[in-house]
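So the structure is just underneath, and the comments pick up after that.
The values are calculated or read from the model by the stated rules, or taken from the named source; none is laboratory data. Just so you know, these numbers come straight off a predicted model, no measurement behind them. Neighbour counts run over all protein chains shown; Cβ positions are idealised from the backbone, glycine included. Each accessible area value is taken on the protein alone, full model and side chains, heavy atoms only, with ligands, DNA and RNA left out. Shrake-Rupley method; radii C 1.70, N 1.55, O 1.52, S 1.80 Å.
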Amino acid sequence: MRRIFRILTRFFGVVLIIAIAIGIWKREEIKRLLAVNSLFSEEKIISNFSGMNKAFLSADVPRGDGPVAELPKGDAMTLSSEVEQWITDRTITSLVVLKDGALVHESYYQDTSADDLRISWSVAKSYLSALFGVLLEEGAITSIDDPVTKYAPSLKGGAYDGASIRNVLNMASGVTFDEDYLDQSSDINKMGRVLALGGSMDGFAADLNETFADPGTDWQYVSIDTHVISMVIRGATSEQIAPLLSEKIIKPMGLEATPYYLTDGNGIAFVLGGLNLPTRDYARMGQMYLQNGAYNGQQIVPADWVAASTIPSAPTSEGEYGYGYQWWMPKDGRIGEFLARGVYGQYIYINRPLGVVIASNAADRAFRTKGVSDYNVEIFRKIAEGLQ
């Protein structure tokens, strides 16, 4: 009996030593996995959203050495009681409002500040669209009707084989992908664990093999579509997204802070939601799009691409939000009104007829509640209309 006990003691001792060794070897991956599991918890979500590079791999997007593009001061806007209540109800962390290019309101909440680089989530998709438009005009990509496999051959034989770039820009790839953030077994959360554990996003996309519709026939919001666009860009240019975005978009804009992307274990940018910037710099992006791609004294994004991206072209159903090339349009389709939006309440709202840009960040854990997105747009409209 004693002999068996000694054997078992030695066995479990060896197992413990191995477990400790693995824990030390993989401590960074374990740390990131734990961060994913608590990323949206009530007590951590606000601070997490201002410090994503503390828990995840990241890569800077250099802003360059140029001067910061001025945001001139305009007549200060007074917040209505309804907007103040909205700020409380939706756990808004920052609100920046521009009217005719001038800063008319700026405020920060929940112990955040103007210097915080806030996670964009799906607002990042609209930045990648801007980069794509520049590269298309420069001829790096021949046509948006090219198949994605022309530039990303690793996708051949998988779910994306047969989809065109246009289909994927429109979120009409027909690829099956569960976007439920509240289901730990969903594809979006599996993808988050791939990111946390230093896995390959390209491999994750290539491994998808199910479709629910033929490409271009049906619309369904599929975040991995945006990663496929990045695979197309990288295949066409043989360059990484962070330096490309820096050269083509960020440096010309004259941002005040150096943005960063979250990355996978291969240094590939998490383009579908991993870009981090201060809220004022989100507002600068909105102002550039309000001005048809021109900003800081130059045409940065082709005006034709801005126009094509921000009108509904995807096969969405009647009564839904419109969708262009990684940009959203309100349900009632007002001309010149469009937005970038991300989960948990991240927005860049552009109202071209009224000359208004609104950038807001939030940590709204009830963002999926029915009617919340509609009400956010209603608030933005009321702010814009109140500035007339």
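Would a scan of the range 101-114 turn up a residue that is open to solvent by 40 Å² or more (accessible area, probe 1.4 Å) and aliphatic (A, V, I, L, M)? Show your work before the answer.
Kept after step one, since they are open to solvent by 40 Å² or more (accessible area, probe 1.4 Å), are these residues of the range 101-114: 106, 108-111, 113.
Still in the list and also aliphatic (A, V, I, L, M): none.
No, that holds for no residue.
Give the range 315-346 a look and list any residue that's over 13 Å from the mean Cα position of the chain (by Cα), among the aliphatic types (A, V, I, L, M) and under 15 Å from S373 (Cβ atoms), or say none.
M329
Only one of (1) of a type in the set (D, E); (2) over 20 Å from the mean Cα position of the chain (by Cα); (3) farther than 23 Å from W327 by Cβ is not met by D100, so which one is it?
(3)
All but one of (1) open to solvent by 30 Å² or more (accessible area, probe 1.4 Å); (2) more than 23 Å from G355 (Cβ to Cβ); (3) not aliphatic (A, V, I, L, M) hold for R118, so report the exception by its number.
(1)
From the list N266, N296, which one is more than 14 Å from the chain's Cα centre (by Cα), at positive phi and surrounded by fewer than 24 Cβ atoms within 10 Å (Cβ to Cβ)?
Working: N266 fails: at positive phi.
Exactly one of N266, N296 is more than 14 Å from the chain's Cα centre (by Cα), at positive phi and surrounded by fewer than 24 Cβ atoms within 10 Å (Cβ to Cβ), namely N296.
Do any helices (runs of 4 or more DSSP H) entirely within the range 210-294 hold 3 or more residues that are at pLDDT 95 or above and charged (D, E, K, R), and if so, which?
Values: elements: 224-237, 241-245, 279-290.
Output list reads 279-290.
One line per residue, one yes/no per condition, for (1) among the β-branched types (V, I, T); (2) surrounded by fewer than 18 Cβ atoms within 10 Å (Cβ to Cβ); (3) on the phi > 0 side of the Ramachandran plot:
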site: G199; (1), (2), (3): no, yes, no
site: D207; (1), (2), (3): no, yes, no
site: V222; (1), (2), (3): yes, no, no
site: H227; (1), (2), (3): no, no, no
site: F270; (1), (2), (3): no, no, no
site: G274; (1), (2), (3): no, no, no
site: Y282; (1), (2), (3): no, no, no
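Tally up the residues in the range 176-187 that are over 16 Å from A159 (Cα atoms) and either charged (D, E, K, R) or surrounded by 14 or more Cβ atoms within 10 Å (Cβ to Cβ) (or both), please. Can you show your working first?
Taking the range 176-187 and keeping what is over 16 Å from A159 (Cα atoms), we get 179-186.
This time we only want the ones that are either charged (D, E, K, R) or surrounded by 14 or more Cβ atoms within 10 Å (Cβ to Cβ) (or both), so: 179-181, 183, 186.
Number of matching residues: 5.
Among residues belonging to the range 74-97 that are under 25 Å from the mean Cα position of the chain (by Cα) and charged (D, E, K, R), point out the one that is most open to solvent (accessible area, probe 1.4 Å).
Ranking the candidates gives D89 first.
Among G162, G133, G158, G66, which is in contact (Cβ under 8 Å) with a residue 12 or more places away in the chain and under 30 Å from V377 (Cα atoms)? Show your work before the answer.
Numbers: G162 fails: under 30 Å from V377 (Cα atoms); G158 fails: under 30 Å from V377 (Cα atoms); G66 fails: under 30 Å from V377 (Cα atoms).
Among G162, G133, G158, G66, only G133 is in contact (Cβ under 8 Å) with a residue 12 or more places away in the chain and under 30 Å from V377 (Cα atoms).
Could you check how many residues of the range 40-73 are among the charged types (D, E, K, R), open to solvent by 50 Å² or more (accessible area, probe 1.4 Å) and assigned to a loop (DSSP other than H, G, I, E, B)?
Residues of the range 40-73 among the charged types (D, E, K, R): 42-44, 54, 60, 63, 65, 70, 73.
Right, trim to open to solvent by 50 Å² or more (accessible area, probe 1.4 Å) and you get 42-44, 54, 60, 65, 70, 73.
Adding the requirement that they be assigned to a loop (DSSP other than H, G, I, E, B) leaves 42-44, 65, 70.
Residues flagged as among the charged types (D, E, K, R), open to solvent by 50 Å² or more (accessible area, probe 1.4 Å) and assigned to a loop (DSSP other than H, G, I, E, B) within the range 40-73 amount to 5.
Given the criteria under 19 Å from the mean Cα position of the chain (by Cα) and either modelled with pLDDT of 95 or more or under 26 Å from I249 (Cα atoms) (or both), does S58 qualify? Can you show your working first?
Values: under 19 Å from the mean Cα position of the chain (by Cα): yes; either modelled with pLDDT of 95 or more or under 26 Å from I249 (Cα atoms) (or both): yes.
Criteria met by S58.
Looking at this structure, is A159 out of contact with any strand residue (DSSP E or B) (no Cβ under 9 Å at 6 or more places or on another chain), in a loop (DSSP other than H, G, I, E, B) and aliphatic (A, V, I, L, M)?
On the way: out of contact with any strand residue (DSSP E or B) (no Cβ under 9 Å at 6 or more places or on another chain): no; in a loop (DSSP other than H, G, I, E, B): yes; aliphatic (A, V, I, L, M): yes.
No.
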